[in-house]
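Student: Following this message is one structure expressed as structure tokens.
The values are calculated or read from the model by the stated rules, or taken from the named source; none is laboratory data. What you are looking at is a predicted structure, and each value in this text was computed from that prediction instead of being measured. Note: ideal-geometry Cβ built from the backbone for every residue, glycine included; neighbour counts use all protein chains shown.
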């Protein structure tokens, strides 16, 4: 059936069926899902919940952009608007981006990619999901009770002494959700160290695993510092412990240091797993090994390491000493380099490949362009004198949306589409998905490119009203947001549709090399019938061709 | 020989045991980062407000603090004995040592309660009712301290903020540990750890020793600032 | 600038006219813009490079034209190239940005000082001559102006985009920023650090006047008392003159001429007496005891507003002799000795 423009290879739809036994139908009943230890079921639980929170966070984004159509604060009251952007940030960062790839795709795929039957601690994995849900429910509670307007950054003394909203409820939510993240990272690290199949050396692991390893280190070491910062804010609000209160001798800048010590590594927690997805997708749709495998693997770890030492670049104008400003700016420049290395390695993976443009690849291309822009604008901000003009404006908003939405979210969608057939056994409709990818790309650029211009003009972030001369750019941005929203709705619709009506995918519709593609779709609960013995490198297409030949000759 | 506790996703019991221990060490690393933020804040403020920290620290009771230190070390000792008892499969001794560990842990919390209560009475809990008069005018309270200037006296509130945050977090970890001890003692009583499966006892032991070590840092940092013998 | 004036004209003036670029209204603005254009350039070049590689390879090696992929392990040379070149570019940006940062945050010595107090949700500007402005700032063109800023409540941030300057305004300590305006006109002031309900209402206008117009403005808008004069009043009414009388046997150190000097403290350290030091010494006297004096100064934390502190700081800055201090001391003493008017509460 080999068409020249696609590598999709589906079984004969007239006779194909889903495998009789798989992880989805292994046990019936709601409780079998809610009390499961199966990493794949937990991944699906996460997928449903993060999708739910994504659309809530997205609704807030829509409301923000709606208000910003006009310069006047005329849609909602200022306090309400402040709650919109606070809830948008908190939900999107803690309840969507941080768990997105690791808790769904990472949970589902890592054990299989390593040749294991499950993660090291299945019960802790389930606990992670419950902690996430508790964090989510507390956030919803705070929302329903009236919301919180601290901004996602909880800056003291505003959050400790000057607001009357549900700060402690939200702080508790984030604290609990943080432990969800810590336990996921812990689980991943132990699994990678201890449960690789025979023959699976570190340098035979897929790059997806390397990225998750690096992200897990950040989760495990960074998140606890966020936890203690949040606890101190809650204590200051409730019983008056004044560690950040200048009237009691405390220093509000201490909170900034503690908060950003986590929140900067957090952005690498968010992006690294996405980069892992991109490695898998680009190699599959080029039919060759990622260029510079070792460089990409080490870059992931380098990003994690350097990422711990740049936090004060969020504080350049806040009165840190000149000396520390210099140090953090220099380190910020260093942390930018591994990301650049990865972009070029991915680009050169395409050289001498055999390239097709299925939906995951389209999202990956979008990632390459948008992450380059987002990453480079990070260099703008890392330059001290430049940061003075750009910080706290829409330039920052544009920068982080480029890396987190144009980068991370595109990577997430690439991964969802790439592994959808493996997780569900069904293919999604390719033309509709391509349309969604292109729509998203166009909508995204229209939304966020004008914001760079607005930032340089000086429009501050978190502004409810703005001077009239900024309106045209804001209108463009809102128009883009509408298109972007449509682009995100489409997958919800057609992926849902595909669960019942999608084509049967078979084991390996992409003819890819990973261990996950050598087992049935959807997989068995125990993943493998017998433990695989790994005797080939990652992305070894010759091994795949040889294996396929063997299967053809022996089955026949 | 497959133990009944052998989880199906591990190839061998050794792999399971190693994974469990590794996981616990990793968890303790996260705990170090958690307490680390508090220690960093302490370092900063002790540097800035040294005089206030000295006077405030002298308010803490060394006898009580030292007692608690001995109690925790004893508790850790019994926990280590418990791990040994599990390894040599002596159920009775294991249960005894776990109970002793728990009892000493509760003694620690009791002493802590006494200390906290004293702070409450003297209005040394940070917040609206915090009272600095004892620091500004120590002689009126029969104390031999040098009086602090009022602005420096205000900074004692920072010391107590950190005191309660740090010892409070520590106490919370003790409480969680004691709850786990009750559970483990019950399981030990039922013989679950008497046939070679010692991982939960070992790993809990790691946790308990860690909580112990945190206290060993807290005690000198909080109680022993600039103390002079005979003062 | 090293690039063609016509190109610069286009980039800055024409884009500004189309509301796509801010005005260059200060001496530092062209420097900031130069770095910005360099960064834009390398970003565009980088993007084009990545685009050319990705699209070029995708088209050249698409499956129809290249059905069999050829494995390529890697290339140490390429890795080195795309490690070293970005690193070099980023380091250039680092040095350039650092130089710009020091330019923006180190005022020239002849800068005139204006105090700014931020509070939810307004800016108060206080000129030494006693002019007070709310959400407005009048400055002369062609003169360096330093803003000494502090917040009365939460973090704010004072931003004038057309001057390319911005600094956080922090509760509990002074922060400074300076600029020299080049073109008369009005420009936006924004608060850029989220500070609660009316964060987007905490905006104002800086008006740049020619030197003559500025003179006129200062005459017309003075409130009668300069900041230092108000400070003198506070100095007496709060009893500072009792200890800091300037007498030989005074309990407090002589403050005439102390501003700008290096002071030896009892804890052995040597400090430069600047605005921040003076403010801190009033609020936390026990940590700022001059050598040779006892730590008996009470704290004024909670008894005096940031405005009052600014007045006192300005007063002490201007103090060259203790003549008037002595005078006001007599007034204070006679004030305390005088009987109260019957029927009137003191």
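Student: For the range A:57-85, enumerate the residues that are under 30 Å from residue A:187 (Cβ atoms) and in contact (Cβ under 8 Å) with a residue 40 or more places away in the chain.
Tutor: If the condition is that a residue be under 30 Å from residue A:187 (Cβ atoms) and in contact (Cβ under 8 Å) with a residue 40 or more places away in the chain, then A:58 is the only one that fits.
Student: Further question: Being touching a helix residue (DSSP H, G or I) at 6+ places or on another chain (Cβ under 7 Å), over 27 Å from residue C:158 (Cβ atoms), in a loop (DSSP other than H, G, I, E, B) and within 14 Å of another protein chain (Cβ to nearest Cβ) narrows it down to one residue among C:246, C:252; which is it?
Tutor: C:252
Rundown of residues vs (1) touching a strand residue (DSSP E or B) at 6+ places or on another chain (Cβ under 7 Å); (2) away from chain A (no Cβ under 14 Å), yes/no style:
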{"position": "C:84", "(1), (2)": "no, no"}
{"position": "C:88", "(1), (2)": "no, no"}
{"position": "C:98", "(1), (2)": "no, no"}
{"position": "C:124", "(1), (2)": "yes, yes"}
{"position": "C:132", "(1), (2)": "yes, yes"}
{"position": "C:148", "(1), (2)": "yes, no"}
{"position": "C:166", "(1), (2)": "yes, no"}
{"position": "C:169", "(1), (2)": "yes, no"}
{"position": "C:176", "(1), (2)": "yes, no"}
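Student: I would also like to ask the following. Do any helices (runs of 4 or more DSSP H) entirely within the range B:1-102 hold 2 or more residues that are closer than 25 Å to residue A:186 by Cβ and touching a residue at least 60 places away in the same chain (Cβ under 8 Å), and if so, which?
Tutor: Fully inside the range B:1-102 and qualifying: B:13-48, B:62-87.
Student: Here's another thing I want to ask about it. Please enumerate the residues belonging to the range C:210-269 that are on the phi > 0 side of the Ramachandran plot, over 30 Å from the mean Cα position of the chain (by Cα) and surrounded by fewer than 17 Cβ atoms within 10 Å (Cβ to Cβ).
Tutor: C:239, C:268
Student: Would you say residue A:302 is part of a helix (DSSP H, G or I), within 14 Å of chain C (Cβ to nearest Cβ), over 22 Å from residue A:101 (Cβ atoms) and without any contact (Cβ under 8 Å) to a residue 60 or more places away in the chain?
Tutor: In short, no.
Student: Can you tell which of A:425, A:378, A:385, A:374 is over 30 Å from residue C:165 (Cβ atoms) and either within 10 Å of another protein chain (Cβ to nearest Cβ) or touching a residue at least 24 places away in the same chain (Cβ under 8 Å) (or both)?
Tutor: Only one candidate qualifies: A:425.
Student: Can I ask one more? Taking the range A:228-261 only, how many residues are over 30 Å from residue B:123 (Cβ atoms) and within 9 Å of chain B (Cβ to nearest Cβ)?
Tutor: The total comes to 2.
Student: Here is a follow-up. Looking at C:282, C:304, C:310 in this structure, which one is under 22 Å from residue B:153 (Cα atoms), at pLDDT 85 or above and not in a loop (DSSP other than H, G, I, E, B)?
Tutor: Exactly one residue qualifies, and that residue is C:282.
Student: If I filter the range C:104-118 down to residues being more than 18 Å from residue C:313 (Cβ to Cβ) and crowded, with 16+ Cβ neighbours inside 10 Å, which single residue comes out as farthest from the chain's Cα centre (by Cα)?
Tutor: Among those residues, the one meeting the criterion is C:104.
Student: Hey, does the range B:109-122 have a residue that's surrounded by fewer than 16 Cβ atoms within 10 Å (Cβ to Cβ) and more than 22 Å from residue B:174 (Cβ to Cβ)?
Tutor: Yes; the residues of the range B:109-122 include at least one that is surrounded by fewer than 16 Cβ atoms within 10 Å (Cβ to Cβ) and more than 22 Å from residue B:174 (Cβ to Cβ).
Student: Just checking, does the range A:456-475 include any residue being more than 12 Å from chain C (Cβ to nearest Cβ) and out of contact with any strand residue (DSSP E or B) (no Cβ under 6 Å at 6 or more places or on another chain)?
Tutor: Yes: one or more hits.
Student: Any chance you could count how many residues in the range A:323-360 are assigned to a helix (DSSP H, G or I), more than 7 Å from every other protein chain (Cβ to nearest Cβ) and closer than 13 Å to residue A:282 by Cβ?
Tutor: 5
Student: For the range A:165-185, state whether one or more residues are farther than 25 Å from residue A:223 by Cα and touching a helix residue (DSSP H, G or I) at 6+ places or on another chain (Cβ under 6 Å).
Tutor: Among the residues of the range A:165-185, not one is farther than 25 Å from residue A:223 by Cα and touching a helix residue (DSSP H, G or I) at 6+ places or on another chain (Cβ under 6 Å), which makes the answer no.
Student: Take the residues of the range C:190-212 that are more than 10 Å from every other protein chain (Cβ to nearest Cβ) and either in contact (Cβ under 8 Å) with a residue 12 or more places away in the chain or in contact with a helix residue (DSSP H, G or I) (Cβ under 8 Å, 6 or more places away or on another chain) (or both): which is nearest to residue A:153 (Cα to Cα)?
Tutor: Per the stated criteria, the residue is C:204.
Student: State the number of residues belonging to the range A:167-183 that are under 16 Å from the mean Cα position of the chain (by Cα) and either surrounded by fewer than 24 Cβ atoms within 10 Å (Cβ to Cβ) or within 12 Å of chain B (Cβ to nearest Cβ) (or both).
Tutor: Residues in the range A:167-183 being under 16 Å from the mean Cα position of the chain (by Cα) and either surrounded by fewer than 24 Cβ atoms within 10 Å (Cβ to Cβ) or within 12 Å of chain B (Cβ to nearest Cβ) (or both): 3 in total.
Student: Mind listing whichever residues of the range B:209-224 are assigned to a helix (DSSP H, G or I) and over 9 Å from the mean Cα position of the chain (by Cα)?
Tutor: B:209, B:217, B:219, B:220, B:221, B:222, B:223 - these are the residues of the range B:209-224 that are assigned to a helix (DSSP H, G or I) and over 9 Å from the mean Cα position of the chain (by Cα).
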